[in-house]
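Colleague: One structure follows; several queries about it will come next.
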């Protein structure tokens, strides 16, 4: 790369120009960013795990809440989340295929697999919108809940859930749902944006002129991390 | 050029044929584990056949297996130096440890609320220790 000055041999190991762990600067910083990002996701899942067990009596089972499936009028448990998991694993595979193609300098294959990764990411975002829509709209029947307003308790009918009320059970369930899947969704969104940028760079031949496809590896790391987080959200939020 | 770029693109050089067998192998492993998780959740709905505690540990273990394959194969951490593997994986394992720890903690707080007589909790709430 043009911007890295080769270290003079006299400078020694502490003089700069050395790659620690023999890994490039960009890739290592991406790893450390991902670790710091994992801290944020971990705090959400840690507090979720605590609240879920503390209010176990009022906590709804997630597989009884998210039962909708597109083009199917009945209720089916876990099917849609499993589909979302499949979409994300699939887009992870296409990303790893793009990275592999980058190692072989196969520009056509890089463009093809990156494009499929973008498609997978968009499908996942669409699925998340679908899930949010049904969670916010709620069931047809709704549920009566006690609210405190103007100095007195009264009973109102509510449908669905938001940050003030939740028809399915404990309020924290709705809050955690919006925060965890929302935070993850925003990561998927920025991942798609990064993938599109690198896709354009690959199509224009910018990466080929640079001599290597490390940019694909870097956004690949980010994309796999997003997939990894979803694996944990799937287990701790939907399965347990 | 950096010392970690093993080779650079030479214009006009022949493109090698893809080696993607290992990618699809990992894909099938991830897919099968997810299918096992979902079908186990259906089979053991509400703890019909096996205790839910067992189910929790089963799912957490399978999740860690999936995480291992994603990080070490897809993210190529397996190809890095041993100390870098430690840097990343030790930190990450502590996250999962803490999640499980706080699940136990929440469970204990829940149980303690069942043991303490109601009038103590009510007295506590009257003095500003609001709950819910």
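Taken together, the values in this text are just the output of simple stated rules run on the coordinates, not laboratory data. Nothing here was measured: the structure is a model prediction, and the numbers come from that model. Here the Cβ positions follow ideal geometry from the backbone for every residue, glycine too, while neighbour counts run over all protein chains shown.
Colleague: Which FRET efficiency, nearest 0.05, do residue B:86 and residue A:150 yield, Cβ-Cβ r, R0 56 Å?
Modeller: Efficiency, from the Cβ-Cβ distance: 0.40.
Colleague: Something else now. Once the Cα atoms of helix A:214-233 and of chain A are each reduced to a long axis, what angle between those two axes, in degrees from 0 to 90 to the nearest 10, is obtained?
Modeller: Roughly 20 degrees between the two axes.
Colleague: For residue A:112 and residue A:36, calculate 0.36 nm times their separation in residues minus their Cα-Cα distance, and state this gained length in nm to one decimal.
Modeller: Here the segment from residue A:112 to residue A:36 would lengthen by 24.2 nm.
Colleague: Rg and Dmax of the stretch A:27-239 over Cα atoms: what are they, in angstrom?
Modeller: In Å, with Rg to one decimal and Dmax whole: 20.4, 70.
Colleague: Taking the alpha-carbon centroid of each part, what is the distance from the stretch B:24-66 to the stretch A:28-64 in angstrom?
Modeller: Here the two parts' Cα centres lie 19 Å apart.
Colleague: For an R0 of 22 angstrom, estimate the FRET efficiency from the Cβ-Cβ distance between residue B:68 and residue A:18 and round to the nearest 0.05.
Modeller: 0.15
Colleague: Can you tell me how the stretch A:123-199 classifies by the Cα gyration tensor, rounded, prolate or oblate, using a/c under 1.5 as the rounded cut?
Modeller: Since a/c reaches 1.5 and a/b is larger than b/c, the shape of the stretch A:123-199 is classed as prolate.
Colleague: How many partner chain Cβ atoms sit within 10 Å of a residue's Cβ in peptide A:223-236, on average, as a whole number?
Modeller: Taking the mean over all residues of the peptide, I get 5.
Colleague: Right, another one. Just report the Cα centroid separation between the stretch A:86-106 and the stretch A:126-161, whole Å.
Modeller: 41 Å
Colleague: Expressed as a whole percent, how much of the Cα-Cα distance distribution for chain B exceeds 22 Å?
Modeller: When all Cα pairs of chain B are counted, 65 percent exceed 22 Å.
Colleague: Ok, one more. Relative contact order of the stretch A:27-239, please, whole-number percent, based on alpha carbon pairs below 8 angstrom and at least 6 residues apart.
Modeller: 27 percent.
Colleague: Using only the Cα atoms, work out Rg/Rh for the protein assembly as shown, with Rh taken as the Kirkwood radius, to two decimals.
Modeller: Here Rg/Rh amounts to 1.04.
Colleague: While we're looking at this one, here's another question. With the crude spin-label approximation of a point 7 Å out along Cα→Cβ, what separation in nm comes out for residue B:114 versus residue A:79?
Modeller: My value for the distance between the label points is 3.5 nm.
Colleague: Separate question: With the contact rule set at Cα under 8 Å and sequence spacing of 6 or more, what percent relative contact order holds for chain B?
Modeller: 15 percent
Colleague: So what is the relative contact order for the stretch A:1-130, in percent, with contacts set as C-alpha pairs under 8 Å and at least six apart?
Modeller: 13 percent
Colleague: Going by alpha carbons, how many degrees (0 to 90, nearest 10) lie between the helix axis of A:107-137 and the longest principal axis of chain A?
Modeller: Once rounded, one gets 20 degrees.
Colleague: Between A:178, A:123, A:32, find the one with the highest GNM mean-square fluctuation for chain A; connect C-alpha pairs within less than 10 Å.
Modeller: Of A:178, A:123, A:32, the most mobile in the Gaussian network model is A:32.
Colleague: If you don't mind, there's one more thing I want to ask. In square nanometres, what is one fourth of the surface area of the convex hull spanned by the alpha carbons of the stretch A:74-158?
Modeller: 8.6 nm²
Colleague: Also, I was wondering about something else. So what's the angle, to the nearest 10 degrees on a 0 to 90 scale, between helix A:25-54 and the longest Cα principal axis of chain A?
Modeller: Helix A:25-54 sits roughly 20 degrees off the main axis of chain A.
Colleague: Under 10 Å, Cα contacts only: if you run a Gaussian network model on chain A, which one of A:18, A:192, A:229 comes out with the highest mean-square fluctuation?
Modeller: A:18
Colleague: Going by a ≥ b ≥ c, the root eigenvalues of the Cα gyration tensor, does the stretch A:1-115 fall in the rounded group (a/c under 1.5), the prolate group (a/b larger than b/c) or the oblate group?
Modeller: In terms of gyration-tensor shape, oblate.
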